[in-house]
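Engineer: Quick one: this structure, given as structure tokens, is what I'll be asking you about.
The values are calculated or read from the model by the stated rules, or taken from the named source; none is laboratory data. Not measured: the values here are computed from a predicted model. Cβ coordinates were reconstructed from backbone atoms using ideal geometry, including for glycine residues, and neighbour counts include every protein chain displayed. Please note that ligands, DNA and RNA were not included when accessible areas were found on the heavy atoms of the full protein model with its side chains. Shrake-Rupley method; radii C 1.70, N 1.55, O 1.52, S 1.80 Å.
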Amino acid sequence: MAKKQTKKEGVVTWDYSPAPESTGHINLKKQYDHYIDGKWVKPSSGKYFDTINPANKEKLAEVAYGNDKDIDKAVKAARKAYKNVWSKMAPSERAKYIYRIARLMQERAREFAVIETLDAGKVIRESRDVDVPLACNHFFYYAGWADKLEYAFPNRKVESLGVAGQITPWNFPLLMAAWKIAPALATGNTVVLKPAETTPLTALKLAEVIHDAGLPPGVVNIVTGYGDTGAALVNHDDVDKIAFTGSTGVGKIIQKEIAGTNKKATLELGGKSANIILDDAPIDQAVEGIVNGIFFNQGHVCCAGSRLFIQESVAETVIEKLKHRLNSLIIGDPMDKNTDIGAINSKAQLATIDKYIKIGIDEGATMYQPDCKLPKGGYFCPPTLFMDVAQSSTLVQEEIFGPVLTIQTFRTVDEVIQKANNSPYGLAAGIWTDKGSRIFNLTTKLNAGVIWANTYNKFDPTSPFGGYKESGFGREGGLHGLSAYVKLK
Ligand code: NAD
């Protein structure tokens, strides 16, 4: 309910009464072990680490720190389950388990959403309306494919790979786990998943769901830990496939480590995506699309539209409206349903973002931040615009992974294509225009795995997702997501 009106920078905004989501219904243990072979298993080192709420730095739980022995146990369990049970099971039976996981997740959707928000700092509106429903939909979608693989790959004999080692980042913890586990199971593989160290809780809740769904022991194993735990999984001899989502730096290390082995890999890496506003764009919708493209999830989105290109004749209007809109965004408690921008995921990530903001200022760009008070006690960063940036500037070239948007202008479509493609990354792009012909022209010339037209950051389990260049290779989602987990003969 609206409480009072305030005016900042000429923008009238409403202050809303707090509307925090309840945490009464969630069930969090104080300590989590690894989930291996259908059981909760203590870490062989005896070590645990804390996972905290980045909005207030309070400890949520402690989580097992996995080492190579734990990974070995998990891979052995996955291999045994693959050989003895999962690869032998009729595909229609496998599908039933995957459907069951999806339905149980739906039943516990509120609990998943609240835990995701507490652990990741992302706003509850997003966890509730995007992350959790999409994660459930991935299980539903891939359950549907499990007994139809001969239609997915007509005239080919389809074989599973074996044991898949999967490593996920912190920005969409549950969704990334679903992207990886669902197609692997549907194609008859077994899994060892290593979630990100700052956001392990929803993957561990997923282990509970998987357990309750009665999935045979060892089909899905979850080992928590840091980068060294992930490295132990990558380097384990008995893993047939590595599915990694994370930074380009770690992706390159993984690629070197598996070179010369028989391991298959998909690498979903960083991005620096262009959001392009042409002079005939629907301006108000485009401004909303810019906000959604980068400030959604505090800029913690691999495909964030972090480079804005505006055609010169409309640049002034777009920038003015964008500044106006930033002043009406609510930055605050991620658990509050009114909050637009939540917490930065960790102290380290906030330090990285602050470092880039300083670089932008030092390189002579013009910075704009709305007049807003940041909540105290957690990791927060205001939405930030940088204008007067050169194509070669650090902020335009490097992934920041925070709510920082660079703004450049252009005169012709050819110019913006050159500028947009002048990046080491090639994950996503957005185009805003009234004309279908301009959309078709740009989509054929932009080097990006995903291109949205007159919208941004829309995901669907039926659509493949993945990048070019330093954004990685392989596709997840859709029919393409199945090919990453099969051998075709
Ligand atoms: P990160 O690379 O630091 O970590 C990702 C995961 O890899 C974590 O689980 C981490 O523990 C593990 N890891 C770290 N070092 C490892 C090693 N040497 N061997 C094996 N595993 C290791 O990335 P992050 O900071 O968690 O996530 C942010 C990055 O992820 C951004 O660059 C973002 O663009 C990218 N991302 C890409 C996509 C995509 O689909 N392309 C989606 C989400 C995030």
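Engineer: Just need a number here: residues in the stretch 171-203 that are among the polar types (S, T, N, Q) and within 16 Å of Ala265 (Cα to Cα).
Structural biologist: Filtering the stretch 171-203 down to residues among the polar types (S, T, N, Q) leaves 171, 187, 189-190, 198-199, 202.
From what is left, the residues that are within 16 Å of Ala265 (Cα to Cα) are 187, 189-190.
The number of residues fulfilling the criteria is 3.
Engineer: Specify which of the listed residues (Leu442, Leu479) is in the same structural domain as Val158 (by TED's automatic domain parsing), away from the ligand (no atom under 16 Å from the Cβ) and not in a strand (DSSP E or B).
Structural biologist: Values: Leu442 fails: in the same structural domain as Val158 (by TED's automatic domain parsing).
Checking each option against the conditions leaves just Leu479.
Engineer: So, in the stretch 206-230, of the ones that are open to solvent by 10 Å² or more (accessible area, probe 1.4 Å) and within 20 Å of the chain's Cα centre (by Cα), which residue ends up farthest from the ligand (Cβ to nearest atom)?
Structural biologist: Tyr226
Engineer: Continuing with this model, one more query. Taking the stretch 171-205 only, how many residues are among the polar types (S, T, N, Q), more than 16 Å from the ligand (Cβ to nearest atom) and under 27 Å from Pro54 (Cβ atoms)?
Structural biologist: Of the residues in the stretch 171-205, the ones among the polar types (S, T, N, Q) are 171, 187, 189-190, 198-199, 202.
Checking the rest, the ones that are also more than 16 Å from the ligand (Cβ to nearest atom) come to 187, 189-190.
Remaining after also requiring under 27 Å from Pro54 (Cβ atoms): none.
Final tally of qualifying residues: 0.
Engineer: I want to confirm something. Restricting to the stretch 393-407 and keeping residues that are of a type outside the set (Val, Ile, Thr) and open to solvent by 10 Å² or more (accessible area, probe 1.4 Å), which single residue is nearest to the chain's Cα centre (by Cα)? Quick ask: steps written out before the conclusion?
Structural biologist: In the first step, residues of the stretch 393-407 are kept if they are of a type outside the set (Val, Ile, Thr); the result is 393, 395, 397-399, 401-403, 405.
Among the residues that remain, those that are also open to solvent by 10 Å² or more (accessible area, probe 1.4 Å) are: 393, 397-399, 401.
Numbers: Ser393: 26, Gln397: 21, Glu398: 18, Glu399: 14, Phe401: 11 Å.
Per the stated criteria, the residue is Phe401.
Engineer: Enumerate the pairs (first residue in the stretch 221-232 and farther than 21 Å from Val209 by Cα; second residue anywhere and open to solvent by less than 40 Å² (accessible area, probe 1.4 Å) and near the ligand (Cβ under 7 Å from one of its atoms)) with beta-carbon separation below 7 Å, excluding pairs fewer than 6 apart on the same chain, so at least 6 apart or on different chains.
Structural biologist: Thr229/Lys194; Gly230/Ile167; Gly230/Lys194
Engineer: Another question about this same structure. Can you work out which of the residues in the stretch 72-95 that are without any contact (Cβ under 8 Å) to a residue 24 or more places away in the chain and part of a helix (DSSP H, G or I) is most open to solvent (accessible area, probe 1.4 Å)?
Structural biologist: Here the residue is Lys83.
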